[in-house]
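Participant: One structure, as C-alpha cells, below. Some questions next.
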Amino acid sequence: MTENLFSFEQGPIRPPNEARSLLLRFTRNCPWNQCLFCPVYKNRKFSLRTVDEIKKDIQTARDMADDIKAVSWKLGFSGAINDQVISHILNISGHSQGYQSIAAWLYYGTGSCFLQDADNLVMKTRDLVEVLKYLREKFPEITRVTTYSRSRTVVRKSVDSLKQIREAGLDRIHIGLESGYDPVLKLIKKGVTSAQHIEAGQKVIQAGMELSEYIMPGLGGQEMWKEHAVETAMVLNRINPHFIRLRSLRVPKKVPLYEKVKDGTFTMQTDDMLADEILLFIETLEGITSTITSDHIMNLLEEVSGRLPEDKEKMLDVIRKYQELPESDRLIYRVGRLGGAYRSTDDLTRDPATYEKVKSLLQDIQAKEGIHGVEKFITDMVDRYV
Ligand code: SF4
C-alpha cells in the first residue's frame, strides 16, 4: 500500500467537541468567507465536491478502517484497536495523515463523524442525501453525524428538505450565530440577520435535528456589549437550541477586524468586562432548556457550563466568584487559565506551586514593562489559539 493510493481529503478545522470524530470533507472552505473575526478560510476559494469524489473518499476511509482492523487481527488482538495496535500503526512511516486519523478514531471509539468544511447545507439536498446515505451504509458503526452550516443557508431549505437530510443520517448542525444584535452582525459582516438566525434555528429543530449555536462574547466591543449580550440571549430564547457554545472573541493581527481595532472604531472588551457581559447574557436567557458549554481554550471561565434552567445559578456563581477575586488574583488566574494551567478559579488555591510561579512571572514582566506589558503578554499568549 502506498500513501498516494491510500489517502482522502480533510479540511483545516472542526469544533472542539469533535476532536475525536471521524473527519470527512464534503465541501471545501467557506462559501461566505467574509466574517471580520474569522481567519480560517481567508485566501482559500470555496468549492463544492462532486458526489463521486465524496463517495470515493468515504470508500477510502472504509478501506483504511478495514485495513487497520486487519492489522489488529495479525497482531493477535481480534480486530480491537488498542494501545499496542495504535502505537504499531503510528510507528510505521509512510501512512497518510488520513490513515492515522482513522486509526485514532477507531482507537477512541467515539462513533461520531464530523463533516467538513464551513457550510455543507449549501449542497443540493439531493446530493447531500445521497452521500449521507452512502456514509451510513459504509460505516454502520457511526452513531452520530454532525456538520457546520450558516443560518443564511439553512433558511433557504424547506423543513421537508431538512427532514430528508436528517433521515439520510445528519444528526446535528453547528451554526455560528455569534450575535443576535443586528448592528453587530452588520459590523462584523456575518451576512445574516437576527430574524434569519431565529428562522434557521427553529427550522433545524422542527426537522428533528440537534442544534448547536456558537456565540461570541466580546463581539459587540465596548461600544455595543450590552445590546450584544441581551439581544443574543433573546434570539436564543426564541430558538431553544440543544447546545449554546461560548467562544470569546480574540483579535490577532491576521483577522480583518484588527484594522478596526487599530483605527479605533472597535474597542476590545477586557477579560473583566467579558465576565460582566457573560453574566448579563446568562441572566437574560429565559424559558429554554439548552446545555451551555465554554469548552474553547479562549474562554476565561470554562466552568460556565450546565443545563438550563437548573444550572443557571451555578453558572452565574462561577462568574461572580471570579469577579470577587482581588485584582492581583484575577490577573494570576487569567494567565494560568489562558496559558492552559488552570481550569477553575479554585485552582488558585488548589495549586500553590503554579500560583507562585505565575505571580513571580507577572512581577518580573510588570517591573520591566508595567501593566501594559502584562496585558500584552496575555494577549499574545491567547492569540496563538486563533
Ligand atoms: S461563515 Fe464561518 S467559516 Fe465562513 S467566514 Fe464566517 S465564521 Fe468564517
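Participant: Mind checking which residues of the stretch 169-192 are open to solvent by 10 Å² or more (accessible area, probe 1.4 Å) and either free of Cβ contacts under 8 Å to residues at least 60 places away in the same chain or charged (D, E, K, R) (or both)?
Facilitator: Passing the criteria: ASP171, ARG172, TYR181, ASP182, PRO183, LYS186, LYS189, LYS190, VAL192.
Participant: Here is a follow-up. Residues of the stretch 58-83 being free of Cβ contacts under 8 Å to residues at least 40 places away in the same chain and part of a helix (DSSP H, G or I), which ones?
Facilitator: First pass over the stretch 58-83, keeping only residues free of Cβ contacts under 8 Å to residues at least 40 places away in the same chain: 66, 68-83.
Result: ASP66, ILE68, LYS69, ALA70, VAL71, SER72, TRP73, LYS74, ASP83.
Participant: Looking only at the stretch 154-168, filter to residues that are closer than 20 Å to GLU18 by Cβ and crowded, with 21+ Cβ neighbours inside 10 Å; which one of those is farthest from the ligand (Cβ to nearest atom)?
Facilitator: It comes out as ILE165.
Participant: Determine, yes or no, whether GLY306 is on the phi > 0 side of the Ramachandran plot and in contact with a strand residue (DSSP E or B) (Cβ under 8 Å, 6 or more places away or on another chain).
Facilitator: For GLY306, the condition - on the phi > 0 side of the Ramachandran plot and in contact with a strand residue (DSSP E or B) (Cβ under 8 Å, 6 or more places away or on another chain) - is met.
Participant: Determine whether THR27 is of a type in the set (Val, Ile, Thr) and either within 24 Å of TYR214 (Cα to Cα) or within 20 Å of the chain's Cα centre (by Cα) (or both).
Facilitator: yes
Participant: Give the stretch 352-381 a look and list any residue that's under 29 Å from the mean Cα position of the chain (by Cα) and among the charged types (D, E, K, R), or say none.
Facilitator: GLU375, LYS376, ASP380
Participant: Quick one: count up the residues across the stretch 130-151 that are away from the ligand (no atom under 16 Å from the Cβ) and either in a strand (DSSP E or B) or touching an Asp or Glu at 6+ places or on another chain (Cβ under 8 Å) (or both).
Facilitator: Residues in the stretch 130-151 being away from the ligand (no atom under 16 Å from the Cβ) and either in a strand (DSSP E or B) or touching an Asp or Glu at 6+ places or on another chain (Cβ under 8 Å) (or both): 2 in total.
Participant: Of everything in the stretch 282-295, what is modelled with pLDDT under 95 and exposed (fewer than 15 other Cβ atoms within 10 Å of the Cβ)? Give them in sequence order. Don't jump to the end; show me each part of the working.
Facilitator: First, pick out the residues of the stretch 282-295 that are modelled with pLDDT under 95: 294-295.
Listed by number, the list holds a single entry, ASP295.
Participant: What pairs come up if the first residue lies in the stretch 119-130 and is in contact (Cβ under 8 Å) with a residue 40 or more places away in the chain, the second is open to solvent by 40 Å² or more (accessible area, probe 1.4 Å), and their beta carbons are under 8 Å apart, counting only those six or more places apart or on different chains?
Facilitator: Sorted first by the residue in the stretch 119-130, then by its partner, the pairs are ASP119/PRO31; ASP119/TRP32; VAL122/PRO31; VAL122/LEU48; MET123/LEU48; THR125/GLN164.
Participant: Tally up the residues in the stretch 296-349 that are surrounded by fewer than 14 Cβ atoms within 10 Å (Cβ to Cβ) and in a loop (DSSP other than H, G, I, E, B), please.
Facilitator: 7
Participant: Taking only the stretch 57-102 into account, find how many residues are exposed (fewer than 14 other Cβ atoms within 10 Å of the Cβ) and acidic (Asp, Glu).
Facilitator: Number of matching residues: 2.
Participant: Residues in the stretch 231-247 that are in contact with a strand residue (DSSP E or B) (Cβ under 8 Å, 6 or more places away or on another chain) and farther than 18 Å from ARG172 by Cβ: how many? Full working, then the answer.
Facilitator: Restricting attention to the stretch 231-247, the residues satisfying the condition of being in contact with a strand residue (DSSP E or B) (Cβ under 8 Å, 6 or more places away or on another chain) are 232, 235-236, 239, 241-247.
With farther than 18 Å from ARG172 by Cβ added as a condition, the list becomes 232, 235.
Count: 2.
Participant: Okay, moving on. If we keep just the residues of the stretch 1-56 that are assigned to a strand (DSSP E or B) and away from the ligand (no atom under 16 Å from the Cβ), which is surrounded by the fewest Cβ atoms within 10 Å (Cβ to Cβ)?
Facilitator: Going through the qualifying residues, I end up with LEU24.
Participant: From the residues in the stretch 103-115 that are touching an Asp or Glu at 6+ places or on another chain (Cβ under 9 Å) and aromatic (Phe, Trp, Tyr), which one is surrounded by the fewest Cβ atoms within 10 Å (Cβ to Cβ)?
Facilitator: Among residues in the stretch 103-115 that are touching an Asp or Glu at 6+ places or on another chain (Cβ under 9 Å) and aromatic (Phe, Trp, Tyr), the one surrounded by the fewest Cβ atoms within 10 Å (Cβ to Cβ) is TYR107.
Participant: Of everything in the stretch 116-128 that's away from the ligand (no atom under 12 Å from the Cβ) and not in a helix (DSSP H, G or I), which residue is surrounded by the fewest Cβ atoms within 10 Å (Cβ to Cβ)?
Facilitator: Among those that are away from the ligand (no atom under 12 Å from the Cβ) and not in a helix (DSSP H, G or I), it is LYS124.
Participant: With TYR41, TYR108 as the choices, which residue is hydroxyl-bearing (Ser, Thr, Tyr) and modelled with pLDDT of 95 or more?
Facilitator: Of TYR41, TYR108, the one residue that is hydroxyl-bearing (Ser, Thr, Tyr) and modelled with pLDDT of 95 or more is TYR108.
Participant: If you check ALA195 against the conditions, is it part of a helix (DSSP H, G or I), of a type outside the set (Asp, Glu) and open to solvent by less than 10 Å² (accessible area, probe 1.4 Å)?
Facilitator: The answer is no for ALA195.
Participant: Another one. For the stretch 253-271, give me the residue count where each residue is open to solvent by 20 Å² or more (accessible area, probe 1.4 Å), touching a helix residue (DSSP H, G or I) at 6+ places or on another chain (Cβ under 7 Å) and either within 12 Å of LEU36 (Cα to Cα) or modelled with pLDDT under 95 (or both).
Facilitator: Here the count works out to 0.
Participant: Right, something else. Is the stretch 233-252 home to any residue that is over 25 Å from PRO183 (Cβ atoms) and either within 20 Å of the chain's Cα centre (by Cα) or open to solvent by 60 Å² or more (accessible area, probe 1.4 Å) (or both)?
Facilitator: Let us first name the residues in the stretch 233-252 that are over 25 Å from PRO183 (Cβ atoms), namely 242-243.
From what's left, either within 20 Å of the chain's Cα centre (by Cα) or open to solvent by 60 Å² or more (accessible area, probe 1.4 Å) (or both): 242-243.
Yes, there is a match, as at least one residue in the stretch 233-252 is over 25 Å from PRO183 (Cβ atoms) and either within 20 Å of the chain's Cα centre (by Cα) or open to solvent by 60 Å² or more (accessible area, probe 1.4 Å) (or both).
The values are calculated or read from the model by the stated rules, or taken from the named source; none is laboratory data. Everything quoted here is computed from the prediction, not taken from an experiment. Ideal geometry is used to build each Cβ from the backbone, glycine not excepted, and the neighbour counts take in all protein chains shown. Remember, those area values only see protein heavy atoms, side chains included, never the ligands or the DNA or RNA. Shrake-Rupley method; radii C 1.70, N 1.55, O 1.52, S 1.80 Å.
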